[in-house]
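Reviewing the structure listed below.
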Amino acid sequence: MINALVGPAGATGKEGATGKEGATGKEGATGKEGETGPQGVTGSTGAQGATGAAGPTGPEGPTGKEGVTGAAGATGVAGPTGAQGVTGATGAVGATGNIGPQGSQGPIGPTGAAGATGSQGATGPIGHTGEVGPTGAAGVKGATGATGLVGSTGATGATGSAGATGATGSNTLGGAVAEFGAELPVLSGECLGNYAHITLPGPCPTGAGHDFAHTEGPVPAAGGSVSNLWAEAGSAVASKDSSTVSVIKETTTGVQKVVMTCTVPAGASTCSNPATAAVAAGEYLLVQISTTAYPTSWRVSFRY
């Protein structure tokens, strides 16, 4: 069926009565396509349809040319310091360089706090000896350590040379003091009484072992020494007179012997004798006064 040009629409006539439907004719041949009419007015946009499924990614296009570098932006505010990272492993020690010339000594800086003691490293080569620095302040004395174990006794050393002889001590031989005396005047040739009978003088006994008033003894078994005689008269000896005090020992066989004397000179009343005389065990001691002066009392003592 050939499409005709579309003319203006005529007035609509009255609708006639519907006739009977005729038989369907044969389909005619397709006519030629008519010319495209002018574009009609664009209709309103319809509702957006549902998004379709994403298509497959296309191949990557070629890299474009690098653009011009833009101006540097303003420096931003420093951010907070981040946590310290893990310390990396210590690198290998480099080879020791040549020793440079020694520089001048700088001022001593303040002493820093003592750090923890690290493990001892390998001993390095010995460097040149530096100048001696100023002596530092003495450190605080550490606590006293525990007493160590007593060491074994060393070998006896060689005997040293003899020391110089000391000064001579006082002559005080004998541990006992014998005392004799007479309260009454003593005539020349008489003996003084012993400590227990110091009142009366009398004739010197010839058997001392049987006399208890004028003798001292017997001397102990080890023997002894008479020393440091001291005598005092009751009055000073007159001019041209003298008095002699004699210590006599009587042996076990009855023999009497003078072992020590001292003499009171005119005008004096005392005499002494620091000498020493040995006496044997079992012997007895007596004290006799020989005088040209007027009789007087006496007191005598000595060590033995």
Exclusive hit being under 60 Å from the mean Cα position of the chain (by Cα) and either more than 30 Å from Val237 (Cβ to Cβ) or modelled with pLDDT of 75 or more (or both), set Ser170, Ser188, Ser152
Ser152
From the option list Ala92, Ala29, single residue qualifying as assigned to a loop (DSSP other than H, G, I, E, B), closer than 30 Å to Pro125 by Cα, modelled with pLDDT of 70 or more and of a type in the set (A, V, I, L, M) is Ala92
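Per-residue answers, yes or no, for (1) farther than 15 Å from Phe180 by Cβ; (2) part of a helix (DSSP H, G or I); (3) in contact (Cβ under 8 Å) with a residue 12 or more places away in the chain; (4) among the polar types (S, T, N, Q):
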| position | (1), (2), (3), (4) |
| --- | --- |
| Thr206 | yes, no, yes, yes |
| His214 | no, no, yes, no |
| Ala222 | yes, no, yes, no |
| Asn228 | no, no, yes, yes |
| Ala231 | no, no, yes, no |
| Asp241 | yes, no, yes, no |
| Ile248 | no, no, yes, no |
| Lys257 | yes, no, no, no |
Mind checking whether some residue in region 201-220 is at pLDDT 95 or above and of a type in the set (Val, Ile, Thr)?
no
State all residues of region 283-299 that are part of a strand (DSSP E or B) and either surrounded by fewer than 21 Cβ atoms within 10 Å (Cβ to Cβ) or under 60 Å from the mean Cα position of the chain (by Cα) (or both); if no residue qualifies, say none.
Ser290, Thr296, Ser297, Arg299
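So that you can scan it fast, the table gives a plain yes or no per residue for (1) modelled with pLDDT under 70; (2) among the aliphatic types (A, V, I, L, M):
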residue: Gly37; (1), (2): yes, no
residue: Ala53; (1), (2): no, yes
residue: Pro56; (1), (2): no, no
residue: Pro101; (1), (2): no, no
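Yes/no per residue for (1) loosely packed, with under 10 Cβ neighbours inside 10 Å; (2) modelled with pLDDT of 95 or more:
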{"site": "Val132", "(1), (2)": "yes, no"}
{"site": "Ala138", "(1), (2)": "yes, no"}
{"site": "Ala158", "(1), (2)": "yes, no"}
{"site": "Gly163", "(1), (2)": "yes, no"}
{"site": "Leu192", "(1), (2)": "no, yes"}
{"site": "Ile198", "(1), (2)": "no, no"}
{"site": "Ala238", "(1), (2)": "no, no"}
{"site": "Val245", "(1), (2)": "no, yes"}
Which one is farthest from Glu232 (Cα to Cα), of the residues in region 200-215 that are touching a helix residue (DSSP H, G or I) at 6+ places or on another chain (Cβ under 8 Å) and surrounded by fewer than 22 Cβ atoms within 10 Å (Cβ to Cβ)?
Phe212
In this structure, is Thr251 at pLDDT 95 or above and polar (S, T, N, Q)?
no
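The values are calculated or read from the model by the stated rules, or taken from the named source; none is laboratory data. Quick caveat: nothing in here was measured; it's all calculated off a predicted structure. With ideal geometry, Cβ positions are generated from the backbone for all residues, glycine too; neighbour counts draw on all protein chains shown.
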